[in-house]
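What follows is a set of notes on a single structure, which appears directly below.
The values are calculated or read from the model by the stated rules, or taken from the named source; none is laboratory data. Note that the coordinates shown come from a computational prediction; the quantities given were computed from them, not determined experimentally. Every residue, glycine as well, gets a Cβ built from its backbone with ideal geometry; the counts of neighbours run over all protein chains shown. Keep in mind that these areas ignore ligands, DNA and RNA; they rest on the heavy atoms of the full protein, side chains included. Shrake-Rupley method; radii C 1.70, N 1.55, O 1.52, S 1.80 Å.
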Amino acid sequence: CFPVLREGIDYAYDRSNSVKDGVASFTYKVSREEAAAKIAEFSKLVENILNETMKPDYSDFEKALSLYLYFQKTYTYDVQAAEDVENGDLSYVSSYRLLTGKTGICHELANAYSYLLMQAGVDAMTVMGGNHEWSYIRLNGKNYHIDTTYALSDVPGQLTYFLMTDEQRCMDDFEKAKFLYCSNYSKDHPHPDYTANDETFRPLWSGEFDALDHENQVVNYIAYGDFGESSMKTFSYKGY
């Protein structure tokens, strides 16, 4: 659950017996001093991102939205990395690479987004569906899908992939029966009992973000009709 560790340490040499008498062992890939420096640098980066995107009294909804919009304007999709992964090269993709290099693919975007949410106190993990991965979070006891990869588009602030239901997610040709929920604390697991069916945020899916009114707990957004006509609307997120 700490992406930078991949850059500085590795599992024990004897992976079949890495924990003995309650003590886990690992090996350094670099010197201890370099590992400590990387950890400190990464911790500061994460702290800066959270301080830039959210205020101390933000609700979980506001944290998720602010980070979603931050990802849209900050990161780009790495086409070359996607081709490398398709050809079997998984050696260099990681959420650490995305956060430090500001480019990545779905696996990196989903894990980085969920990781940052966890640091902000929001329950989050990721979901795999076919050859794609996105985030899965819990707000006010209910589950939602968030896809920061699909959110990277030429339309700034588009909210189509924010707090989706299972049904909305499956409109992108994904099958819920094949979802693998990926926790940082365990191996991939199906969990067919996980359900995202709350449609509270449906009005936002066809809109573009305009402004957040934190005091009144309202999102101002631009809504589009069937024929491209637009109108300014507000969405109340009280309770979230």
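Taking segment 24-69 as the range and being aliphatic (A, V, I, L, M) and farther than 16 Å from VAL122 by Cα as the test, the residues that pass are ALA24, VAL30, ALA35, ALA36, ALA37, ILE39, ALA40, LEU45, LEU69.
For segment 98-111, name all the residues that are within 16 Å of GLU41 (Cβ to Cβ) and among the aliphatic types (A, V, I, L, M). Within segment 98-111, LEU98, LEU99 meet the criteria. Checking each residue in segment 94-131 for being closer than 14 Å to THR149 by Cβ, in contact with a Cys (Cβ under 8 Å, 6 or more places away or on another chain) and open to solvent by 20 Å² or more (accessible area, probe 1.4 Å) picks out only MET128. Taken as a whole, the condition of being farther than 22 Å from PRO156 by Cα, out of contact with any Leu (no Cβ under 9 Å at 6 or more places or on another chain) and surrounded by 13 or more Cβ atoms within 10 Å (Cβ to Cβ) applies to VAL30.
Could you tell me how many of the residues in segment 217-235 are loosely packed, with under 12 Cβ neighbours inside 10 Å and out of contact with any Asp or Glu (no Cβ under 9 Å at 6 or more places or on another chain)? Summing the residues that are loosely packed, with under 12 Cβ neighbours inside 10 Å and out of contact with any Asp or Glu (no Cβ under 9 Å at 6 or more places or on another chain) in segment 217-235 gives 6.
Just one of the listed residues (LYS73, LYS142) is in contact (Cβ under 8 Å) with a residue 40 or more places away in the chain and exposed (fewer than 15 other Cβ atoms within 10 Å of the Cβ), namely LYS73.
Kindly check whether there is at least one residue in segment 42-50 that is under 18 Å from the mean Cα position of the chain (by Cα) and closer than 24 Å to LYS238 by Cα. So far as segment 42-50 goes, yes, one or more of its residues are under 18 Å from the mean Cα position of the chain (by Cα) and closer than 24 Å to LYS238 by Cα. Taken over segment 150-175, residues that are open to solvent by 20 Å² or more (accessible area, probe 1.4 Å) and either in contact with a Cys (Cβ under 8 Å, 6 or more places away or on another chain) or assigned to a loop (DSSP other than H, G, I, E, B) (or both) amount to 13. Beta carbons closer than 7 Å, at least 6 apart along the sequence or on distinct chains, pair a first residue in segment 86-109 that is farther than 19 Å from LEU180 by Cβ with a second that is surrounded by fewer than 19 Cβ atoms within 10 Å (Cβ to Cβ) and hydroxyl-bearing (Ser, Thr, Tyr) for LYS102/THR74; LYS102/THR76; THR103/THR76.
When SER59 is tested against the conditions (1) within 21 Å of VAL4 (Cβ to Cβ); (2) surrounded by fewer than 19 Cβ atoms within 10 Å (Cβ to Cβ); (3) hydroxyl-bearing (Ser, Thr, Tyr), the lone failure is (1). Is it the case that ALA82 is of a type in the set (Gly, Ala, Ser), within 16 Å of TYR70 (Cα to Cα) and outside any strand (DSSP E or B)? No: the conditions fail for ALA82. Filtering segment 106-133 to residues that are closer than 14 Å to LEU50 by Cβ, in contact with a strand residue (DSSP E or B) (Cβ under 7 Å, 6 or more places away or on another chain) and of a type in the set (A, V, I, L, M, F, W, C) leaves LEU117, MET118, VAL122, ALA124.
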